[in-house]
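Working notes, beginning with the structure itself.
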Amino acid sequence: MTDIFQLTNRPDRDLFFSRQDPNDPRLGEFVYSEPDHYSAAEIVILGCPQDEGVRRNGGRPGASEAPTAIRRQFYKLTTMNIRRRVFDLGDMIIDGSLEDVHDRMTAVVTKLLQDGKRMIVLGGGNDISYADGCAMSEVYGSDWWIGVNIDSHLDVRIAEQRNSGTPYRQLLEEGHLRPDYFYEVAFQSHFCSPVYYNYIRDLDVQRIPLELLRSRAEADLELKEMIKGKFIGHSSSLNTFFGFDMDAVRMADAPGTSAPSPLGLKASEFIQLVKYAASLANTKIIEFTEVNPDFDIDDRTSKLVAIGMHRFCTGGTS
């Protein structure tokens, strides 16, 4: 049996902020991290502080510092509308190759899903979507989960070594993820190779480019309608995974990413999509990757992810 506590480091308690004011409680006073509280938790936070996959893909390093930077902002937020029990498992122990880290992370995430937890996963590079996707497939089977990649890139590269640009190609080609249950959302055509776009098109992957999101009255409307269609004909809702690569958000709102762009989702559109993910009862994992604190401005990107985490913990009600 996987020992999730042996494979992870406990979070730094100095990050758990408190104003020492009973009239103004903060999440640093609300979220538990002691192992005795794990069994009662409904939502579990897990970090993966590595950026080797980003380096391999030619991106700028720095994402390894993101879980700490995001937690620092998250634990300053208030407890408003959060009624679910939240537990912070800490960070994956980063030792050995990227492949070794992915294997251990898959084992930890698999155990958490088997224990009935909903998860907030903090990267790190977007390559961790492979580990999370393998766990979804292991627990639910490839016919019973939907993968949503909200990203300015497609992340279906061919490469000699796995990296932050390869996770979904790995999941598709290894049979962990059905192409018709995979959604590429908010990608930008000028960042996408025609070869890789034709690859997902020929597989009948669900495709919602940034322009299509913007053409609807609400940013999440197209995604809602497409996913709802997949639920029809099943005895229960499909389990869902949402991966948010923060370079999907425009650099005015998220300057601290591995690959920033002047175009992208607005902060409000990002939060709207997070709230949609939170509203689905069978969303098992929400993942935030590619935050790069070294290039952030006033912690803008870390704060945006922290607010997204808060909205997820409320169930999308706030």
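If one computes the Cα centroid of region 276-301 and of region 165-195, what distance in Å separates the two points?
Going from one Cα centre to the other spans 19 Å.
Mind giving me the nanometre distance, one decimal, between the label points for residue 299 and residue 103, set 7 Å out from Cα along Cα→Cβ?
Each label point lies 7 Å from its Cα, and together they span 3.8 nm.
For the chain, give the magnitude of the charge dipole about the Cα centre (Cβ charges: +1 Lys/Arg, -1 Asp/Glu; no others), in debye to the nearest 20.
Details: 35 positive and 47 negative charges, 188 e Å.
So the magnitude is around 900 debye.
Given 0.36 nm per residue, what is the gain on full extension from residue 2 to residue 173 after removing their alpha carbon distance, in nm? Write out the running numbers ahead of the final one.
Details: separation 171, 0.36 × 171 = 61.56 nm, distance 2.65 nm.
Here the answer is 58.9 nm.
Could you tell me how many degrees, from 0 to 90 and to the nearest 10, lie between the Cα long axis of helix 221-231 and the main elongation axis, the longest principal axis, of the Cα atoms of the chain?
It is inclined by approximately 80 degrees.
Which pairs break 28 Å Cα to Cα here: 76/228; 228/303; 111/275? Walk me through the numbers before you get to the answer.
On the way: 76/228 35 Å; 228/303 31 Å; 111/275 25 Å.
Flagged as over cut-off: 76/228; 228/303.
What is the order of 313, 134, 48, fewest Cβ neighbours within 10 Å to most? Provide the component values of the computation, followed by the final result.
Numbers: 313 27, 134 23, 48 32.
Ascending number of Cβ neighbours within 10 Å: 134, 313, 48.
With an 8 Å Cα cut-off and a minimum separation of 6 or more residues, compute the relative contact order for region 122-230 in percent.
On the way: 148 pairs, mean separation 26.9, N = 109.
The value is 25 percent.
How do 97, 137, 142 rank when sorted from fewest to most other Cβ atoms within 10 Å of their own Cβ? Working shown, then result.
Working: 97 11, 137 23, 142 16.
Listing 97, 137, 142 from fewest to most nearby Cβ atoms yields 97, 142, 137.
Take peptides 282-293, 53-64, 150-161, 80-91 and line them up by average Cβ neighbours within 10 Å, highest first, as a rough protection proxy. Before the final figure, lay out each step's value.
Values: 282-293: 25.4, 53-64: 21.5, 150-161: 19.9, 80-91: 18.2.
The peptides rank, most packed first, as 282-293, 53-64, 150-161, 80-91.
Please list, in order along region 201-206, the HN-Hα scalar couplings obtained from phi with the Karplus expression 6.51 cos²θ - 1.76 cosθ + 1.60 (θ = phi - 60°), rounded to whole Hz, x for Gly and Pro.
The phi angles translate into 5, 5, 7, 6, 5, 6 Hz.
Need one number: nm distance between label points at residue 238 and residue 24, each 7 Å from Cα along Cα→Cβ, rounded to one decimal.
4.6
Rounded, prolate or oblate: pick one for region 16-115, where a ≥ b ≥ c are the square roots of the eigenvalues of its C-alpha gyration tensor, a/c under 1.5 means rounded, and failing that, prolate if a/b is larger than b/c, else oblate. Don't skip to the end; give the middle numbers.
On the way: a/c = 3.04, a/b = 1.56, b/c = 1.95.
Oblate shape, in that a/c is at least 1.5 and b/c is the bigger or equal ratio.
Which percent of Cα pairs goes in each bin when the distances of the chain are cut into 10 angstrom slices starting at zero?
With a bin width of 10 Å, the distribution comes to 6, 30, 39, 21, 4, 0.
Rank these for me by crowding, 218, 34, going from fewest to most other beta carbons within 10 Å.
34, 218
Counting only C-alpha contacts under 8 Å and six or more residues apart, can you give the relative contact order of region 8-314 as a whole percent? List each step's numbers first, then the result.
On the way: 661 pairs, mean separation 65.1, N = 307.
It rounds to 21 percent for region 8-314.
Note the angle between two axes, namely the Cα long axis of helix 98-114 and the longest principal axis of the Cα atoms of the chain, as a number of degrees from 0 to 90, rounded to the nearest 10.
Around 70 degrees separate the two axes.
From Cα pairs below 8 angstrom and at least 6 apart in sequence, can you work out the relative contact order of region 47-199, rounded to a whole percent?
Working: 212 pairs, mean separation 40.0, N = 153.
Averaging sequence separation for qualifying contacts and normalising by length gives 26 percent for region 47-199.
A short reminder: the numbers here are calculations on the coordinates, not readings from a lab. If you're wondering where the values come from, they're calculated on a predicted model, not measured in any experiment. Here the Cβ is made from the backbone with ideal geometry for all residues, glycine too, and neighbour counts use every protein chain on show.
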